[in-house]
Amino acid sequence: MVITVELFHTLKKYNKERFKDDENSFELSIDGRDEILLDELVSLLNIPDEEVGFATINSVKHNWNDPIKDGDRIKIFPVIIAG
């Protein structure tokens with residue numbers, strides 16, 4: 001299964017080795033799986049749960065237990081605090 005992952009702002013630091021040049025996204029191959037849950041992906045990317053605000057699958061906001069399938073585009077956004 002191959003998906004495209006886009007990380008925003010402070011979340012990029014957890015996977016900076018996966019980014020090429022100035023690109024904002026990277027392809028991730030997950031062998032032996034037909035799907036993976038959104039929360040499993042966050043763990044796989046070594047992003048602490050408390051730093052994730054929300055995520056989208058193919059530009060639609062989803063719950064953490066929703067499945068990701070081959071070819072999906074995932075965007076993960078950090079928690080944003082304004083004062």
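Conditions tested, residue by residue: (1) in a helix (DSSP H, G or I); (2) closer than 18 Å to H9 by Cα; (3) among the basic types (K, R).
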position: R33; (1), (2), (3): no, no, yes
position: N46; (1), (2), (3): no, yes, no
position: W64; (1), (2), (3): no, no, no
position: I68; (1), (2), (3): no, no, no
position: G71; (1), (2), (3): no, no, no
position: K75; (1), (2), (3): no, yes, yes
Say we look at the range 51-64 and pick out the residues that are at pLDDT 90 or above and either over 17 Å from E6 (Cβ atoms) or polar (S, T, N, Q) (or both); which of these is surrounded by the fewest Cβ atoms within 10 Å (Cβ to Cβ)?
S59
Residue count for the range 13-31, restricted to those that are part of a helix (DSSP H, G or I) and either exposed (fewer than 15 other Cβ atoms within 10 Å of the Cβ) or over 13 Å from the mean Cα position of the chain (by Cα) (or both):
3
In the range 59-78, residue nearest to L37 (Cα to Cα) [restricted to those that are touching a residue at least 40 places away in the same chain (Cβ under 8 Å) and among the aliphatic types (A, V, I, L, M)]
I68
What residue, among those in the range 11-30 that are out of contact with any Asp or Glu (no Cβ under 7 Å at 6 or more places or on another chain) and in contact (Cβ under 8 Å) with a residue 24 or more places away in the chain, is nearest to P78 (Cα to Cα)?
Y14
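The values are calculated or read from the model by the stated rules, or taken from the named source; none is laboratory data. Note that the coordinates shown come from a computational prediction; the quantities given were computed from them, not determined experimentally. Because the Cβ atoms are built from the backbone with ideal geometry, glycine has one as well, and the counts that use them run over all protein chains shown.
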